[in-house]
1. What is the number of the single condition among (1) out of contact with any helix residue (DSSP H, G or I) (no Cβ under 7 Å at 6 or more places or on another chain); (2) under 30 Å from residue 238 (Cβ atoms); (3) aromatic (Phe, Trp, Tyr) that residue 107 does not meet?
2. Looking at 330, 334, which one is in a loop (DSSP other than H, G, I, E, B), touching a residue at least 12 places away in the same chain (Cβ under 8 Å) and small (Gly, Ala, Ser)?
3. Considering each residue of the range 302-313, count those that are under 13 Å from residue 353 (Cβ atoms) and either more than 22 Å from the chain's Cα centre (by Cα) or free of Cβ contacts under 8 Å to residues at least 40 places away in the same chain (or both), and give that number.
4. Of all residues in the range 107-118 being touching a Leu at 6+ places or on another chain (Cβ under 7 Å) and in contact (Cβ under 8 Å) with a residue 60 or more places away in the chain, which is surrounded by the fewest Cβ atoms within 10 Å (Cβ to Cβ)?
5. Quick one: residue 292 ticks every box in (1) in contact (Cβ under 8 Å) with a residue 24 or more places away in the chain; (2) in a helix (DSSP H, G or I); (3) of a type in the set (Ser, Thr, Tyr) except a single one, so which number is it?
6. Got a number for residues in the range 330-347 being within 23 Å of the chain's Cα centre (by Cα) and surrounded by fewer than 22 Cβ atoms within 10 Å (Cβ to Cβ)?
7. Being of a type in the set (Asp, Glu) and farther than 29 Å from residue 120 by Cα narrows it down to one residue among 41, 85; which is it?
8. Looking only at the range 211-260, which residues are acidic (Asp, Glu), part of a loop (DSSP other than H, G, I, E, B) and farther than 30 Å from residue 336 by Cα?
Amino acid sequence: MSIQLKEVSCRRDMRRFIELPFSLYDGDPLYVPHLLSERKEFFDPTANPLFEFTEAKYFLALDEGGRPVGRISAHVNRRHNDYWEERTGFFGFFEATERPEVARRLFGAAEQWLASQGMALARGPFNFSTNEECGLLVEGFDYPPALMMPYNPPYYAGLITGLGYRKAKDLVACYYDCRGDIPEYLTRFSARVQERLPVTVRMLDRSRFEEEVRTAFGVYNRAWAANWGFVPMTEAEFAYMARALKPIVEPSLVLIAELEGEPVGFSVALPDYNPVFKKMAGRIFPFGIFHYLLGRRRLGSVRVITMGVVEEHRRRGIDILMIYHTFKNGIARGYLQGEFSWILEDNVMLLRAMERMGAQRRKTYRIYEKNL
């Protein structure tokens with residue numbers, strides 16, 4: 001008997017779509033599940049502002065007994081296509097057993113729907129865009145995923161390339177173990193920047209959280225405007241993401257760079273809660289909350305998830321200055337390891353800076369594409 005395909009059309013189907021990774025990764029020591037409550041809200045068109053400009057279809061693959069053995073999304077982001085003047089559709093949330101027919105049926109359905117929407121290219125995985133999780137892990141399978149970074153088994157790459165997909169771009173994750181010391185290069189370079197520029201790097205004021213989010217939003221779309229694959233966020237979308245992250249924000253690791261009082265850059269590093277989330281096993285109650293309350297006191301690693309400077313003030317060292325303050329503030333609070341992720345493979349300047357600091361390339365995530 002062959003694999004059956006089912007379009008997600010009701011709450012029960014969506015619940016099966018969301019919960020599928022729990023069975024596929026059962027027993028995997030590295031997999032970290034999302035919180036089920038967070039995922040339900042994330043996929044809710046009435047709650048997530050992303051759906052104001054994104055149309056999505058979801059598909060499940062069922063085995064001969066009717067059990068889910070794979071899933072995929074197909075989505076069209078109108079803001080992406082308007083911004084880049086493209087007809088690109090996307091796939092995401094791909095999970096499947098190693099049976100090639102599962103991937104073939106899932107991708108076939110996703111591609112057919114994207115083509116019916118007038119798309120000329122399929123690209124992914126994006127869950128749903130570069131502003132969320134993206135990329136397929138292709139190197140670094142011996143290490144657990146950092147907060148909000150994907151994880152998948154090695155065989156996924158073969159399934160995707162076997163269906164005619166080619167590499168579009170690689171994303172790099174760099175790891176650093178500072179052992180309590182700020183890299184000498186950072187200290188020296190930052191001092192020179194501070195001498196020649198009237199730059200202030202300050203931490204997030206949690207008492208003015210919504211105002212600070214608006215300040216960061218004013219920088220974000222300007223700073224990342226030319227980055228490959230970037231999709232400008234709406235203010236509502238940016239605020240939604242900020243509210244979701246607020247419970248795990250460490251204010252001293254969210255930095256805003258100001259030049260003569262004007263915000264010109266910001267960076268966000270978050271404590272890596274993944275060891276805690278793994279113990280929570282996708283659920284806050286009845287016991288997950290205790291893992292959260294106890295585990296958050298023992299975290300020793302961070303993930304630097306975003307950092308940018310507006311174009312007119314780049315190449316002046318402001319980004320390095322923010323990295324320096326991230327190290328300084330993180331070490332003061334006991335965070336001695338970190339992951340910088342992700343970095344575009346052709347962002348030579350930043351990758352070179354990572355190397356000079358002693359950071360190691362640990363993981364590679366790949367974006368694929370295929371003509372429709």
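The values are calculated or read from the model by the stated rules, or taken from the named source; none is laboratory data. All of these numbers come straight from a predicted model, not from anything done at the bench. Cβ placement follows ideal geometry from the backbone for every residue including glycine, while neighbour counts extend to all protein chains displayed.
1. All conditions pass for residue 107, except number (2).
2. 334
3. Selection size over the range 302-313: 1.
4. 115
5. The one condition residue 292 does not meet is (1).
6. Summing the residues that are within 23 Å of the chain's Cα centre (by Cα) and surrounded by fewer than 22 Cβ atoms within 10 Å (Cβ to Cβ) in the range 330-347 gives 7.
7. Details: 85 fails: farther than 29 Å from residue 120 by Cα.
The conditions single out 41.
8. Residue satisfying the conditions is 260 alone.
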